[in-house]
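All remarks here apply to the structure that follows.
Rule-based calculations on the coordinates, nothing more; no lab input. Small disclaimer: the values here were computed from a predicted structure and weren't measured. Reconstructed Cβ throughout: ideal geometry from the backbone, glycine too, with neighbour counts over all protein chains shown.
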Amino acid sequence: MRSWILTTLLLGSSLVGIAGCATSAEWAEWRGHSSHFASGRHIAFSMRNREGMPPRVSRRDMETSRSENWWGKTITVTPEQIFQE
């Protein structure tokens, strides 16, 4: 009985760990950079624009992303969705 519970817990935690892994393309992109984010503004932008939430992008964000060469998943917005700071 005890080994059954241990086996179930081990299998369950393995499945959870596998489900949260990045794809090989995501790993390759991540390995290509010295840190997870390019700057503090990059972190703030990413926290403000999590998946499943409506995007909040400013002109300043767009300019900063180009100048700092941000990486990661691209957020696409229409011109009307861009807000002014």
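Annotation: amide H of residue 70 has no partner in the under-5 Å range at sequence separation 5 or more or interchain, hydrogens built in the peptide plane.
Across the stretch 24-83, the fraction of Cα-Cα pairs farther apart than 16 Å, rounded to a whole number, is 47%. Once backbone amide H atoms are built at 1.01 Å from N, residue 57 has 83 as its partners under 5 Å, excluding neighbours fewer than 5 places away on the same chain.
Normalised by the number of residues in the chain, what is the relative contact order in percent for Cα pairs under 8 Å and 6+ residues apart? Each step should come with its number before you reach the end.
On the way: 36 pairs, mean separation 23.2, N = 85.
Relative contact order comes out at 27 percent.
Only helices reaching 24 angstrom along their own axis (Cα) with mean Kyte-Doolittle hydropathy no lower than -1.0 count here, and for the DSSP H runs of the chain these are 2-19. Select from 35, 65, 14 the residue whose mean-square fluctuation is largest in a Gaussian network model of the chain (Cα-Cα springs shorter than 10 Å). Evaluated over the chain, the most mobile residue of the options is 14. Note on the chain: helix-only mean residue ellipticity at 222 nm, from DSSP H runs of 4+ residues weighted -39500 (n - 2.57) and normalised by residue number, equals -16000 deg cm²/dmol.
The residues neighbouring residue 73, those whose beta-carbon lies less than 10 Å from its own, together hold a net charge of -3 under the Lys/Arg +1, Asp/Glu -1 convention.
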